[in-house]
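Asks: My structure is below; once you've seen it, I'll send some questions.
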Amino acid sequence: MKTLKVVVVSPYLAGKTDFLVTARGIGRSAVGSNHPVDNDVKQISTVATEVEKILLEEDMMIFLIGMPGQQRFDFMWDVLEDKIHGFIILFDNERPETFVETRKIIDMVYQKTNTPFILCGTSTDPEKAWPEDSIRQSFSLASQFKYTTCKVDELDSVKKTILDLLYEILSKYEN
């Protein structure tokens, strides 16, 4: 069986737990964390990692590993970096006060590994979200890096985000 390991990482309150809970609806079998989440105030914060297992086909399994982006968890990067196939970096593209922390996560991924990643804005209100060109400029994100948006509580949106990363992974290994 082919197994892909994908880290989902974000600053605090960017939607990582909601993303992982929604991902449970993908595939034929899913197991993982069971954190209650309130849309206004997150009741439980991720302390270490959350894991969702998605069986796509008889021979394809994706492990989504939710990892906090806060600096106190930096030691986990050394454990994970060689065994990961891709990263989804979530951030709330309505909250520019989190952009510095998001940039640190991008730098960590980019400097520690040659693993494909995508940057994903998780705005709940498209009217308040920063436009893509402003996001790219703010993060100094070159055009070759994938940027997308996701509604973390909508299954189709989460599926699309995961597929976007899978295409990035395939593209890397085809070249």
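Asks: Would you please classify the overall shape of the range 95-175 from the alpha carbon gyration tensor, given that a ≥ b ≥ c denote the square roots of the eigenvalues, rounded means a/c under 1.5, and beyond that prolate means a/b larger than b/c while oblate covers the rest?
Replies: Oblate.
Asks: Cross-link candidates for K151: which lysines have Cα within less than 19 Å, leaving aside residues fewer than 8 places away along the same chain?
Replies: K16, K42, K128, K159, K160
Asks: At 0.36 nm per residue, and after removing the present C-alpha to C-alpha distance, how many nm does the segment from N114 to S134 gain when stretched out fully? Walk me through the numbers on the way to the answer.
Replies: Numbers: separation 20, 0.36 × 20 = 7.20 nm, distance 2.54 nm.
That works out to 4.7 nm of additional length.
Asks: May I pose another question? In whole Hz, with x marking every Gly and Pro, tabulate ³J(HN,Hα) for the range 121-137 from phi via Karplus 6.51 cos²θ - 1.76 cosθ + 1.60, θ = phi - 60°.
Replies: In residue order, the calculated couplings are x, 10, 4, 8, 10, x, 5, 8, 6, 6, x, 4, 4, 5, 5, 4, 5 Hz.
Where a number appears in this text, it was derived from the coordinates with a stated rule and is not lab data. Treat the numbers as computed from the prediction; the structure is a model and nothing was measured.
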